[in-house]
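Here is the structure we will look at, set down as structure tokens.
The values are calculated or read from the model by the stated rules, or taken from the named source; none is laboratory data. All values derive from a computational prediction rather than experimental measurement. Cβ coordinates were reconstructed from backbone atoms using ideal geometry, including for glycine residues, and neighbour counts include every protein chain displayed.
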Ligand SMILES: [Zn+2]
């Protein structure tokens, strides 16, 4: 369940494009949630639509990646941070990384077995394998976001960035203990 790291060579161009607007994007509907996910995918050097068919925004309990029928869905909840764009990007990159691991299962095992394996009870919420994937996708999301912003921020942006990374580290620590 290992992910490729973002291709370093493409980072400067991406950085210029992605940091044009510094404020957090307001995520309030399907279109803005989709823009956030596209931006997070660009940070990771991937095309969102290779791994995801649909983005939903609504009153969900938490952000998630799921496959409904054959449709790969990322759900973004209304409670997503509106004040911290690094938090937003980490959330989005985290779910995209789940979608990428699912894609790897399909590539490795074929559509039917890969799908069954990915969603098997051995990998349900609460299992060690689930915790392991949580650690992997969050760590990868953190690497992706850090590689774009670290060392380039100051003032309130830097404070928000550090806050987002602190939260991320806490999340990783929490799931590490369940592995
Ligand atoms: Zn997750």
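Between 131, 99, 92, which is in contact (Cβ under 8 Å) with a residue 40 or more places away in the chain, closer than 19 Å to residue 176 by Cβ and in contact with a helix residue (DSSP H, G or I) (Cβ under 9 Å, 6 or more places away or on another chain)?
Sole residue among the options that is in contact (Cβ under 8 Å) with a residue 40 or more places away in the chain, closer than 19 Å to residue 176 by Cβ and in contact with a helix residue (DSSP H, G or I) (Cβ under 9 Å, 6 or more places away or on another chain): 131.
Does residue 31 satisfy the criteria of being closer than 26 Å to residue 170 by Cα, without any contact (Cβ under 8 Å) to a residue 12 or more places away in the chain, assigned to a helix (DSSP H, G or I) and away from the ligand (no atom under 16 Å from the Cβ)?
no
Can you go through 93, 141, 131, 99 and tell me which one is within 13 Å of the ligand (Cβ to nearest atom), in contact with a strand residue (DSSP E or B) (Cβ under 6 Å, 6 or more places away or on another chain), on the phi < 0 side of the Ramachandran plot and not in a strand (DSSP E or B)?
After applying the criteria, what remains is 99.
Go through the range 111-125 and report how many residues are in a helix (DSSP H, G or I) and surrounded by fewer than 11 Cβ atoms within 10 Å (Cβ to Cβ).
Number of matching residues: 3.
Output the residues belonging to the range 42-65 that are crowded, with 16+ Cβ neighbours inside 10 Å and either part of a strand (DSSP E or B) or within 16 Å of the ligand (Cβ to nearest atom) (or both).
Once the filter is applied, which keeps residues that are crowded, with 16+ Cβ neighbours inside 10 Å and either part of a strand (DSSP E or B) or within 16 Å of the ligand (Cβ to nearest atom) (or both), the range 42-65 yields 44, 51, 52, 55, 56, 57, 63, 65.
Assuming residue 35 fulfils every condition listed in (1) in contact with a helix residue (DSSP H, G or I) (Cβ under 9 Å, 6 or more places away or on another chain); (2) modelled with pLDDT of 95 or more; (3) closer than 29 Å to residue 150 by Cβ apart from one, which condition is it?
Failing condition for residue 35: (1).
Is it the case that the range 64-86 has a residue that's in contact with a strand residue (DSSP E or B) (Cβ under 8 Å, 6 or more places away or on another chain) and more than 23 Å from residue 27 (Cα to Cα)?
There is no residue in the range 64-86 that is in contact with a strand residue (DSSP E or B) (Cβ under 8 Å, 6 or more places away or on another chain) and more than 23 Å from residue 27 (Cα to Cα).
Going by the conditions given, is residue 115 free of Cβ contacts under 8 Å to residues at least 60 places away in the same chain, in contact with a strand residue (DSSP E or B) (Cβ under 9 Å, 6 or more places away or on another chain), over 18 Å from residue 27 (Cα atoms) and within 13 Å of the ligand (Cβ to nearest atom)?
no
For residue 154, work out the one condition from (1) free of Cβ contacts under 8 Å to residues at least 12 places away in the same chain; (2) touching a strand residue (DSSP E or B) at 6+ places or on another chain (Cβ under 8 Å) it doesn't fulfil.
(2)
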